[in-house]
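First, the structure itself, so that you have it in front of you.
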Amino acid sequence: MKFFIDTANLDEIQQAAEMGILDGVTTNPSLMAKEKGSFKEILAEICKIVPGSVSAEVVSMDAEGMIKEGKELAKIADNITIKIPTILEGLKAIKSLTAEGIETNATLVFSPMQGLMVAKAGATYASPFVGRLDDISHNGMHLIEQLVVIYENYNLPTQVLVASVRSTQHVVQSALMGAHVCTIPFKVLSQLIKHPLTDSGLEKFLADWKKVNKG
Ligand code: E4P
């Protein structure tokens, strides 16, 4: 499973890149709004730090506008992926950008049929938002299970990109279900390597090492 980081913060992206496990980045307008500076410059910086897919979201509501924005954003760097909303106009934009060889990420996927439709349109990634489904008392991870099966049933190349991740358990379940990608907030990404038994075990080893005759 690929690990993307879900942030537009350069410091967090740099720290995650240094962990040696980072495969890509996802941004959205809300994440961009937290950062200072021009969003295009931020995207260019992110693309320099991370060679993998970097999602940049369009904000037009019609296909023509989405395609125009997408082509502009794609000029920033070779690894930009265009994030398109999962609406009817978005399907048209995904089809057109895919035909031009530009990677797309269908965002705000909340149902299996939305996932199938964006895959049929040719999306490189489909982003189901698990946390936001959990928030309204639905089972977000159930959608991941369904999409993995649907894409496998029809050999669709679209990758399930688990989004709106809120906990390490979302990441564990994503890996068990065979999701292709999980985009993870920095805090959750940092927690994935931690275990209290590793910490206490290490403390004991270091204490015992002091008793070893090193001569
Ligand atoms: C990433 O692609 C999504 O935009 C992001 O994971 C949404 O997360 P949120 O539901 O915590 O805003």
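The values are calculated or read from the model by the stated rules, or taken from the named source; none is laboratory data. What you are looking at is a predicted structure, and each value in this text was computed from that prediction instead of being measured. Because the Cβ atoms are built from the backbone with ideal geometry, glycine has one as well, and the counts that use them run over all protein chains shown. Surface areas here come from the heavy atoms of the whole protein model, side chains and all, with no ligands, DNA or RNA. Shrake-Rupley method; radii C 1.70, N 1.55, O 1.52, S 1.80 Å.
List the pairs from Lys40/Lys68; Lys2/Lys68; Lys92/Lys120; Lys68/Lys95; Lys36/Lys83; Lys40/Lys83 whose alpha-carbon separation is above 18 Å, in the order I gave them.
Working: Lys40/Lys68 15 Å; Lys2/Lys68 29 Å; Lys92/Lys120 11 Å; Lys68/Lys95 13 Å; Lys36/Lys83 21 Å; Lys40/Lys83 14 Å.
Flagged as over cut-off: Lys2/Lys68; Lys36/Lys83.
Compute for the chain: radius of gyration divided by Kirkwood radius, i.e. Rg/Rh, restricted to C-alpha atoms, rounded to two decimals.
Looking at the chain, the ratio lands at 1.07.
Give the Rg (one decimal place) followed by the Dmax (whole number) of the stretch 32-102, computed from C-alpha coordinates and expressed in Å.
Looking at the stretch 32-102, its Cα Rg and Dmax stand at 12.1, 34 Å.
Within the stretch 1-28, what residues put their amide N at less than 14 Å from the label point 7 Å along the Cα-to-Cβ vector of Lys187?
Once the point is set 7 Å along Cα→Cβ of Lys187, 6-7 turn out to lie under 14 Å by backbone N, inside the stretch 1-28.
Kindly provide the chymotrypsin sites (Phe, Trp or Tyr not before Pro) of the stretch 111-166 that DSSP labels as loop, not H, G, I, E or B, and whose Cβ sees at most 13 other Cβ atoms within 10 Å.
Here the chymotrypsin sites (Phe, Trp or Tyr not before Pro) that fit, given the DSSP loop and packing criteria, are Tyr154.
Calculate, for the chain, the solvent-accessible area per residue in square angstrom, rolling a 1.4 angstrom probe over the heavy atoms of the protein chains.
In whole numbers, the chain has 53 Å² accessible per residue.
Report the label-to-label distance for Gln169 and Glu64 in nanometres (one decimal), using points 7 Å from each Cα along the Cα→Cβ vector.
The modelled label-to-label distance comes out at 4.9 nm.
Next up: Using a Gaussian network model of the chain whose springs link C-alpha atoms within less than 10 Å, name the residue from Asn155, Asn79, Asn105 with the highest mean-square fluctuation.
Highest fluctuation among the options: Asn155.
Ok, one more. For the stretch 90-204, what's the radius of gyration and Dmax over Cα atoms, in angstrom?
Computed over the Cα atoms of the stretch 90-204, radius of gyration and Dmax are 16.3, 60 Å.
Angle between the Cα long axis of helix 63-74 and the longest principal axis of the chain, 0 to 90 degrees, nearest 10?
Compared with the principal axis, the helix lies near 40 degrees.
Additional query: Taking every DSSP beta bridge with both residues inside the chain, roughly what % is antiparallel (nearest 5)?
Given both bridge residues lie in the chain, the antiparallel proportion sits at roughly 0 percent.
For every helix of n ≥ 4 consecutive DSSP H residues, a contribution of -39,500 (n - 2.57) applies; sum these over the chain, divide by its total residues, and give [θ] at 222 nm rounded to the nearest 500 deg cm²/dmol.
That comes out to -15000 deg cm²/dmol.
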